[in-house]
1. Hey, among the residues in region 602-618 that are open to solvent by 10 Å² or more (accessible area, probe 1.4 Å) and not aliphatic (A, V, I, L, M), which one's nearest to Leu577 (Cα to Cα)?
2. Cβ-Cβ below 6 Å, separation at least six or inter-chain, first residue in region 370-382 and farther than 15 Å from Glu15 by Cβ, second open to solvent by less than 10 Å² (accessible area, probe 1.4 Å) and among the charged types (D, E, K, R): which pairs?
3. When region 425-466 is examined, which residues are found to be farther than 29 Å from Phe567 by Cβ and in a strand (DSSP E or B)?
4. Kindly provide the set of residues from region 595-654 that are modelled with pLDDT of 90 or more and aromatic (Phe, Trp, Tyr), ordered by number.
5. Tell me the residue from Ala550, Ala554, Ala496 that is under 23 Å from Pro585 (Cα atoms), surrounded by fewer than 22 Cβ atoms within 10 Å (Cβ to Cβ), at pLDDT 85 or above and of a type in the set (A, V, I, L, M), please.
6. Given the conditions (1) over 17 Å from Gly527 (Cα atoms); (2) of a type outside the set (A, V, I, L, M); (3) at pLDDT 90 or above; (4) open to solvent by 10 Å² or more (accessible area, probe 1.4 Å), report the number of the one that Cys447 does not fulfil.
7. Any chance region 157-172 includes a residue that's small (Gly, Ala, Ser), over 15 Å from Phe261 (Cα atoms) and surrounded by 14 or more Cβ atoms within 10 Å (Cβ to Cβ)?
8. Return yes when Gly462 is at pLDDT below 85 and either in contact with a strand residue (DSSP E or B) (Cβ under 6 Å, 6 or more places away or on another chain) or open to solvent by 10 Å² or more (accessible area, probe 1.4 Å) (or both) and no when it is not.
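The values are calculated or read from the model by the stated rules, or taken from the named source; none is laboratory data. From a predicted model like this one, the values you see are computed outputs, not experimental measurements. Every residue, glycine among them, receives a Cβ derived from its backbone with ideal geometry; neighbour counts consider all protein chains shown. These accessible areas exclude ligands, DNA and RNA; they are computed on the full protein's heavy atoms, side chains included. Shrake-Rupley method; radii C 1.70, N 1.55, O 1.52, S 1.80 Å.
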Amino acid sequence: MMLSTQNWMNTCRLEEAFKTEFIDDNKIVGSLFDYVAHGRSEWFRYNLYSPYGVLVQSSMSGKSRLLVEMASAGLHLHDESTDQYVFFISLANPDSTGFPMSHQCVRDFFLTQWDLPVTKYTAFLLACLEQLDAYEKSSKDWLGAQNLVFWQRVVGNAHKLFSSKYVEILRRAEMGPSANKSADGAKTNTRISSGAASDDGGCDSLSRSSLDAPDAICQPGQGEAAGAAARQSTGDSSEGACKGLAHRFYELLHRKRNILFVFDGAGSLFNTADPAQRFDYRDAEASRFVALRAALSFFPRERHSPFALMTDTAPRICMSCPAVQCDRSARIPRSSKLLPPFCLVASVDAFAAKLGQPNTMNQLWDWRYYSRYGRPQWGACVGTESEERCSFFMTLARRKILGGDAGRECAWPKTPTEAAAILGIRACVSINPRCPAAHVLAARHMCSVFHISGDYESVVTGYFSEPALAQGAAQLLDGDYSDGPGTAANGGCPYARITQGVLERWGRRAEKFRSLLSGLQDGVAMGLVEGGSRGELVGRVLLLMGWDLACLRALEPGRRPSESGVFLRAVPVLLFLASVFDLSPVAASPSFARLERLLEPDGRRAWVRCTHFIRALDYVPDRRQLLDLFRRGAALITKDCQPGVDMYIPVYFCEDTEFDEELDCARVSAILVQCNNCTRMGPRPSADGWMLAPEDGDLQPPLLSLLMSMGTEEASLELIDAPTPAAPGSSAEGAACRCVSIAAFGLSPAVYRVVDARLQPLLRSMTANQGDPMRHCDWDCQRRLVRLLSPGQYKETAPPPPPARAQERPQGEGVALASPGPDGRAASPARAGTEGPPAGQQRGRPSKHRRKGDKPAHDDGA
């Protein structure tokens, strides 16, 4: 297959990156060896259906490189005197950005829909072992000998072995009962269907467990007995069939042991469009994987028996035990099981640990440094070359986010899964493990797999801190990769009027944000996407939109957003705040002047980097950890039940001339953010109120506190001076107003600069409580029925207080007292009479309004 010049250059870059020195500080190779050794032990003990394991992780996590390193690491599964041999069989799509590339002859052999797939794949395994048997060089050179000529020879030999005596019994059995008749015309005892196309059988029914003499065919050292049993079963009296399949396996494996088959990109065996699709095992598209699994099950159960590893980005290759409704005959026998998948490929930040983290401000947005974070492929792709390599680096990141499809970069609107990927990388969107989108995100959109449940239906996925992907996701929202010169810098005060060029570019970007949120809206409403009980996801999206606008306003003349590091550069905190909020109503207040002095003290300036969010699971950050977050450009979502704080945004103080000096954790502070969706304007923030500095941290007090109350109808933006608590032993009068709080109420364009009239209702719908069924109602009649189905859960359905009895009414009162209305004020008597039962029918409750000395009324039945 001929490659274009551009694809050939990209392939050369990937090959060069693939050959970079392997970094294994976390001992991943040893962990994978232990996994293979455990699987081989379980196969020997008859605890596995087939001798194979599954390696599942997202793209560019180092799976293929790990397997190649495993083949040449020099480790041994049993004893050092036994050489190991690895067959590396790549089935990846040639158009993919993965490496190593597949050999077309091998890919065609496995992806062809054969009439007898189990026999074909068994013949291929035999051909591999015969090729190894003829190999006489050192085992260290074995992997390098597997070139195109090698695999062409294996495939040709496999076609010859398909008609040989070694697989004749298996071939005749797979052809079905009609071909298995003895000389007198009687049917044989072998009950094997004709593959996955049959309704009453499948490829898995061709395994040992379905044969009459399973142990005779597959036990090592019993080739003659296996041949005799098979000959008696099939009626074949040929002398060549006496050796049988098991005897041939035993002959080949007796001379060379410790063999591992690696099927890289095994998801191609399914060839389904949707990675989360529950395939039918009677379908021809899925039968190839089932046939390969059945062929592997014919290996003898020995301690040194061959083992197979199947790798892919899609967790569907683990779902090899289908439901009953799919195909009863293809189910794994209850006495056997499948080996749990191996998915924890802990290769994150490998280059940062080896080469060091960026340690100056200018290095933070240099592609040679921020590429060290995240997947090892980023650091291996960049190396130390020119800006041309950086362009390839960023293009690869954008395409990987969208599943490797170059045509999807400028295509809008994005699919809901693509929207979840773009926002998930930056806003830390959590997907329900049982949602089909979790499988698709892991298979195509760089989402990491942390756990796969025992039934292979639930997949725990998530995105970790990766500046390269955050930069690529931010660039996808711009789309003008070949646009002219960038817009001019704003100049002057950071909260001044935005230039027309920035407004035009931001208008296009805001429309794409709205499109992404529209794709997530249904997922948030149905609980498939975690939006937060208080609207935390909307708060993170607003901060990210403000960050993007701040980066566009700070863009230098002549630069484009598609260039590297544009959305990773630090910007002044005042510019960031003026891009999130509309500060013009409070710009003339004394509190704003104090805020400016707070953010720019003694000639220094407060800088912020908020490119993406990550989640803290079990810690409260100190200054050292906040500095590490600032290096990554990440903001932190607090751990569960953290009082008063939902997010930390790291801030660093330095002068403009100190960008080449070493970073110091003593200059780090933080902006603390709290989000809520309260419908009423609650208490304002203060240093001793809702914004509590963590007791085990060293931020006393925080630099700035933000309250984002997004559920109110009123729109208001307030600046509040929060006095610093007095230090122990000092007077309270000496406390200085160092902490300033910003309280933003409502989701109005008058409060948030990044919100417009089209985006406002969408954000408001996503801030609603996910457990409220009222959010799914479009008509008033539906809302009324939901209230009737939820007694005591809504304010309108709460029983009103009963009217006072006639003898208990105060002097001069001639009407029943009105019950409180929905707004908390007293309703009219007519309304009170229509919402509750008529007076005289509700008895037995004391009146709230009675004279002193009156006794409460009691129920008649009391």
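1. Step one: filter region 602-618 for residues open to solvent by 10 Å² or more (accessible area, probe 1.4 Å), giving 602-605, 607, 614-615, 617-618.
From what is left, the residues that are not aliphatic (A, V, I, L, M) are 602-605, 607, 615, 618.
On the way: Asp602: 20, Gly603: 20, Arg604: 17, Arg605: 14, Trp607: 11, Arg615: 22, Asp618: 29 Å.
Filtering first and then ranking leaves Trp607.
2. Correct list of pairs: Gly374/Glu466.
3. Selection gives His451, Ile452, Val459.
4. Answer for region 595-654, where residues must be modelled with pLDDT of 90 or more and aromatic (Phe, Trp, Tyr): Trp607, Phe613, Phe630, Tyr648, Tyr652, Phe653.
5. None of the others qualify; the one that does is Ala554.
6. Only one criterion is unmet by Cys447, namely (4).
7. Scanning region 157-172, I find at least one residue that is small (Gly, Ala, Ser), over 15 Å from Phe261 (Cα atoms) and surrounded by 14 or more Cβ atoms within 10 Å (Cβ to Cβ), so the answer is yes.
8. no
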